[in-house]
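Q: Supplied in structure tokens, the structure appears directly below.
Please treat every number below as a calculation from the coordinates, not as lab data. Note that this is a predicted model, so its numbers are computed, not measured. For neighbour counting, all protein chains shown are included, and Cβ atoms are generated from backbone atoms with ideal geometry for every residue, glycine included.
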Amino acid sequence: MEICTRKHREFSLCGLNCSLCPRYHTEGLSRCPGCGGEDFNRKHPSCSVINCSKKNGSMEYCFECKQYPCLRYTKQNEKDSFITYRDVTKNLNKAKEDIDGYLKNLEEKEQLLSFLLEKYDNGRLKNFYCIAVNLLKVEDINDVVEMAEKEVIHKNENMIKAIKEGIETMAKARGIEIRLRK
């Protein structure tokens, strides 16, 4: 596959929020640089979306294609365990309406995720936080963290538990499932 570089590697061509993915926040060889980032082609050599884009004019986002929304977005694979694929069409449609606003919100989410990983990760919550920040609103997670910080005065482990439980409760109230599909 020919090398693909993109201006905004944190938001993929296909609508995934790369900057909210666990592999984007990993150190070492398995770290993903985001869509079209350095070495992306080596890590994802057969990306069908990039190949499709190149055949159709090399757009920055699928929503710029004349054929959007194609079958890739109108018929989603419910068996795919990668939960964030559920929202790619919604993400692309929001970005199509206001790409600058979408990227600004994504940057806020990435900062929130970095905060959670730095301050409240016990070594087992990276995937959980990545999915939660991806699917919930920034305000919802900020409310959970603020409430936990007010209620939990003692040990960091209690804070981590309070935040995790608060996010799970918030997600359930919003009808969002934060776990891999089987």
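Q: Of the listed pairs 7/94; 66/96; 119/161; 94/137; 119/172; 94/126, which have alpha-carbon separations greater than 20 Å here?
A: Pairs exceeding the cut-off: 119/172; 94/126.
Q: While we're here: Across all directions of projection, what mean area in square nanometres is found for the Cα convex hull of segment 87-173?
A: Values: hull surface 23.1 nm².
Hull-based average projected area comes out at 5.8 nm².
Q: A further question on this structure: Based on Cβ point charges of +1 for Lys and Arg and -1 for Asp and Glu, what charge dipole magnitude is obtained for the chain about its Cα centre, in debye rounded to the nearest 20?
A: Working: 32 positive and 28 negative charges, 181 e Å.
Magnitude of the dipole: close to 880 debye.
Q: Listing 63, 40, 11 from the residue with the fewest other Cβ atoms within 10 Å to the one with the most, what is the order?
A: The fewest-first ordering by Cβ neighbours comes to 63, 40, 11.
Q: I'd like the orientation of helix 126-135 relative to the chain: the angle between its Cα long axis and the longest Cα principal axis, in ° from 0 to 90, rounded to 10.
A: Result, in degrees: 70.
Q: Pick out which of 70, 18, 32 has the largest mean-square fluctuation in a Gaussian network model of the chain, springs linking Cα atoms closer than 10 Å.
A: Residue with maximal mean-square fluctuation among 70, 18, 32: 70.
Q: Sticking with the crude label model, points 7 Å out along Cα→Cβ, report the distance from residue 114 to residue 39 in nm, one decimal please.
A: The answer from the label model is 2.0 nm.
Q: Tabulate in residue order the Karplus-calculated ³J(HN,Hα) for segment 23-36, using 6.51 cos²θ - 1.76 cosθ + 1.60 with θ = phi - 60°, rounded to whole Hz; enter x for Gly and Pro.
A: 5, 6, 9, 10, 8, x, 5, 7, 5, 8, x, x, 4, x
Q: If you don't mind, another one. Between residue 173 and residue 65, what's the calculated FRET efficiency when r is the beta-carbon distance and R0 is 41 Å? Round to 0.05.
A: On the way: r = 36 Å, r/R0 = 0.88.
For R0 = 41 Å, the calculated efficiency reads 0.70.
Q: When the chain is modelled as a GNM with alpha-carbon springs shorter than 10 Å, which of 151, 168, 110 fluctuates the most?
A: Looking only at 151, 168, 110, the largest GNM fluctuation is found for 151.
Q: For segment 1-58, build the charge dipole from Cβ charges (+1 Lys, Arg; -1 Asp, Glu) around the Cα centre, then report which of 18, 29, 58 sits farthest towards its positive end.
A: The Cα lying farthest towards the positive end belongs to 58.
Q: If you average 1/r over all unlike Cα pairs in the chain and invert the result, what Kirkwood radius do you get in angstrom? Spell out each step's value before the answer.
A: Details: mean 1/r = 0.0573 Å⁻¹.
Mean inverse Cα-Cα distance, inverted, gives 17.5 Å.
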